[in-house]
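Colleague: Shown below is the structure under consideration.
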């Protein structure tokens with residue numbers, strides 16, 4: 001009896017299909033760390049000496065070409081018959097360039113359009129871990145597709161992540177500098193507790209100035225933004241550190257004033273993402289009030305960033321308030337923070353101190369069985385001053401580390 005010989009083209013199709021399934025999943029979830037570890041930019045390959053070689057093929061009909069363990073890149077393409085194919089092979093040995101090689105293409109029709117990227121990395125080229133080691137103990141500004149953030153990596157291997165949400169500023173001010181100022185106050189804390197500290201730059205795209213044109217829901221205060229939500233932007237930042245920290249995706253959150261509004265509403269919309277949060281002197285809250293519209297309560301709201309866009313409904317889940325009430329959340333406010341605040345739905349009283357008391361009491365009432373972990377801490381003789389409130393916020397957060 002003759003043995004059936006597996007068709008290698010079927011195995012190759014399975015391999016290619018698996019590659020692109022993973023590729024699509026990584027990009028649809030915007031898994032930055034996953035993308036960075038698996039995929040180089042298509043059309044580029046590392047040389048043996050660590051430099052980058054940009055590649056371009058003018059051949060229209062290409063075939064999938066596995067390039068082997070010593071190669072840096074292989075190309076893939078669509079249906080082809082009798083055409084030439086171009087691949088690039090490289091050596092791990094330093095000083096050896098990537099060279100084009102042309103051969104005849106295998107006949108067949110392919111429904112594949114992409115670049116297959118090899119797993120081989122040239123010896124001597126710095127990897128992600130080495131690059132991040134070089135960034136330790138340094139405050140750096142980083143850029144992503146939808147914005148900028150400030151980073152600080154602790155001297156020792158990190159155990160967690162702290163997100164720092166800055167307060168608002170006036171139109172035309174340097175918001176990146178403001179975010180850095182807030183982060184600098186937490187550098188010593190991050191080193192002592194081995195935390196990666198990141199401060200999103202909530203600029204004009206996120207309504208750093210509340211009256212910024214095209215901003216709805218108070219901008220980042222209500223988790224909103226012009227291109228993506230402020231909460232989504234923070235998720236993109238956190239994704240850069242998921243594999244490095246090796247956590248379960250939960251993090252610590254601190255915010256002051258407008259940043260504390262962001263932190264409080266984030267805790268309600270994403271309670272499962274948080275370990276603990278500290279809200280420093282927010283002037284507004286999201287109350288567990290079904291009659292007050294979001295971002296002040298639980299009532300659904302229709303949002304339209306500009307007249308040309310369709311309306312979008314936001315329907316907060318009341319369960320979010322109950323879950324947030326079970327989290328270690330502390331509101332920190334100065335007793336001298338008594339400037340009257342504008343009236344808002346669901347808010348009673350006139351000052352940040354009175355609003356804080358009202359919110360903590362409301363969260364206590366909706367807490368699940370076992371009681372609330374939401375607390376209020378007042379700091380004597382301090383007004384709306386982020387720098388003077390920071391030591392109390394750090395003392396509170398230090399008690400919650402490991403939660």
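The values are calculated or read from the model by the stated rules, or taken from the named source; none is laboratory data. The shown structure was predicted, so the numbers you read here are calculated from the model rather than taken from an experiment. Please note: Cβ atoms are built from the backbone with ideal geometry, for glycine as well, and neighbour counts cover all protein chains shown.
Colleague: Checking residue 342 against (1) in contact (Cβ under 8 Å) with a residue 12 or more places away in the chain; (2) within 18 Å of residue 292 (Cβ to Cβ), which single condition isn't satisfied?
Modeller: Of everything listed in (1) in contact (Cβ under 8 Å) with a residue 12 or more places away in the chain; (2) within 18 Å of residue 292 (Cβ to Cβ), residue 342 misses just condition (1).
Colleague: I need the full set of residues from segment 260-276 which are more than 16 Å from the chain's Cα centre (by Cα) and under 14 Å from residue 166 (Cα atoms), in order please.
Modeller: Residues satisfying the conditions are 260, 261, 264.
Colleague: Can you report the number of residues in segment 357-376 which are touching a helix residue (DSSP H, G or I) at 6+ places or on another chain (Cβ under 6 Å) and under 18 Å from residue 255 (Cβ atoms)?
Modeller: Here the count works out to 3.
Colleague: Quick one: which residue in 375, 388 is within 26 Å of residue 288 (Cβ to Cβ), assigned by TED's automatic domain parsing to the domain that holds residue 182 and either in contact (Cβ under 8 Å) with a residue 12 or more places away in the chain or not in a helix (DSSP H, G or I) (or both)?
Modeller: Numbers: 388 fails: within 26 Å of residue 288 (Cβ to Cβ).
On inspection, the qualifying residue turns out to be 375.
Colleague: A further question follows. Provide a single number: the residues in segment 313-335 that are at pLDDT 95 or above, surrounded by fewer than 16 Cβ atoms within 10 Å (Cβ to Cβ) and in a loop (DSSP other than H, G, I, E, B).
Modeller: Looking only at that region, the number is 3.
Colleague: Report those helices (runs of 4 or more DSSP H) wholly inside segment 188-299 carrying at least 1 residues which are at pLDDT below 95 and farther than 28 Å from residue 391 by Cα. Steps first, answer last, please.
Modeller: On the way: elements: 230-239, 242-245, 258-269.
In segment 188-299, the matching helices (runs of 4 or more DSSP H) lie at 230-239, 242-245.
Colleague: A further question on this structure: Listed residues 382, 353; which is touching a helix residue (DSSP H, G or I) at 6+ places or on another chain (Cβ under 6 Å) and either outside any helix (DSSP H, G or I) or assigned by TED's automatic domain parsing to the domain that holds residue 165 (or both)?
Modeller: Values: 353 fails: touching a helix residue (DSSP H, G or I) at 6+ places or on another chain (Cβ under 6 Å).
When all the criteria are applied, what remains is 382.
Colleague: Quick one: which of 160, 218, 172 is surrounded by fewer than 18 Cβ atoms within 10 Å (Cβ to Cβ) and assigned by TED's automatic domain parsing to the domain that holds residue 296?
Modeller: On the way: 160 fails: surrounded by fewer than 18 Cβ atoms within 10 Å (Cβ to Cβ); 218 fails: surrounded by fewer than 18 Cβ atoms within 10 Å (Cβ to Cβ).
It is 172.
Colleague: Could you list, in sequence order, all residues of segment 149-187 that are within 16 Å of residue 240 (Cα to Cα) and in a loop (DSSP other than H, G, I, E, B)?
Modeller: Scanning segment 149-187 gives 154, 157, 158, 159.
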